[in-house]
Amino acid sequence: KNLGLIFDLDGVIVDTAKFHFLAWKKAAKEVGFELTEELNEKLKGVSRVDSLNKILGWAGATVSEEKFNEMATNKNADYLTYVDKMTADDILPGVEAFIRKAKSKGYPIALGSASKNAPKILKHVGIYDLFDAIVDGNSVSKAKPDPEVFVIAAQKLNVPVANCVVFEDSEAGVEAANNTHMLSIGLGSEDVLSEADHVFPDFTKITLEFIEQQANKK
Ligand code: G16
Ligand code: MG
């Protein structure tokens, strides 16, 4: 099969998940809510607006539209202060080597992220040019677990949806991949990502050969 490989950004390529958590934690405090790491799992892969709606829901808080926009803007500004300090060292172990190997074998590579900051982050850590297609929070209308982001990525790669493999660290993202019957590879903990076809702690444990075998079986 001519496979298309689709990578989530936050938590798969770069370790920005911890920065989102810190910035959301601060935002949540403003409405008197202590955001835990466990609840934060529910925010991974979820858009900025949807994330804030979830936090306000957990807090039992209602805010004006103006306050809502202010909170989202402040959260992003906070988040970007962390992003600005990122370097190539913040690329997660093994993922760049994996992408380069896949590229050398001719597989097209896409980014499928909910983040509106995706291009900025990829340029910042110096791997923007590795991608044949970038689909991010600026180009989708339906958030994960809707598969729209991955379906558009498949179209841009010119690969049938059924031949695509998705690498994801979030429950919502794995669900999105499963919803469109792509092979879903979870990066992170088995407990959180039990719906994924396969779960690995990080890319140092994944071989391209394994992915090819699994994708060709599916
Ligand atoms: C990411 C993160 C989410 C974040 C979302 C929107 O998605 O996992 O926590 O809320 O992007 O990010 P931004 O505020 O930068 O637009 P992904 O899909 O790359 O994991
Ligand atoms: Mg993610």
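The values are calculated or read from the model by the stated rules, or taken from the named source; none is laboratory data. None of these values were measured; they are calculated from a predicted model. Every residue, glycine among them, receives a Cβ derived from its backbone with ideal geometry; neighbour counts consider all protein chains shown.
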**OP:** Please work out which residue is nearest to ASP15 (Cα to Cα), limiting yourself to segment 190-200 and to residues that are within 15 Å of ligand 2 (Cβ to nearest atom) and at pLDDT 95 or above.
**Re:** PHE200
Original post:
Only one residue in VAL125, VAL140, VAL83 is farther than 20 Å from ALA23 by Cβ, surrounded by 13 or more Cβ atoms within 10 Å (Cβ to Cβ) and within 15 Å of ligand 1 (Cβ to nearest atom), so which one is that?
Top reply: VAL140
Original post:
What pairs come up if the first residue lies in segment 189-208 and is over 19 Å from GLU38 (Cα atoms), the second is at pLDDT below 95, and their beta carbons are under 8 Å apart, counting only those six or more places apart or on different chains?
Top reply: ASP197/LYS218
**OP:** Kindly check whether there is at least one residue in segment 85-93 that is in contact with an Asp or Glu (Cβ under 8 Å, 6 or more places away or on another chain) and either modelled with pLDDT under 95 or of a type in the set (Asp, Glu) (or both).
**Re:** yes
Subject >> Number of the condition not met by VAL12 [criteria: (1) within 16 Å of ligand 2 (Cβ to nearest atom); (2) of a type in the set (Val, Ile, Thr); (3) out of contact with any helix residue (DSSP H, G or I) (no Cβ under 9 Å at 6 or more places or on another chain)] >> reply: (3)
Original post:
Could you count how many residues in segment 86-131 are of a type in the set (Ser, Thr, Tyr) and without any contact (Cβ under 8 Å) to a residue 12 or more places away in the chain?
Top reply: 2
Subject >> Single unsatisfied condition, HIS20 versus (1) over 20 Å from VAL125 (Cα atoms); (2) within 16 Å of ligand 2 (Cβ to nearest atom) >> reply: (1)
Subject >> Residue that is modelled with the highest pLDDT [pool: residues in segment 1-29 that are more than 15 Å from ligand 1 (Cβ to nearest atom) and in a loop (DSSP other than H, G, I, E, B)] >> reply: LEU3
Subject >> Residue in segment 30-68 that is nearest to the chain's Cα centre (by Cα), counting only those that are part of a loop (DSSP other than H, G, I, E, B) and polar (S, T, N, Q) >> reply: SER47
Subject >> Condition met for PRO160 (surrounded by fewer than 21 Cβ atoms within 10 Å (Cβ to Cβ) and within 25 Å of VAL49 (Cβ to Cβ)) >> reply: no
Subject >> Candidate set: segment 15-49, residues that are among the acidic types (Asp, Glu) and buried (at least 16 other Cβ atoms within 10 Å of the Cβ); chosen: the one farthest from VAL83 (Cα to Cα) >> reply: GLU30
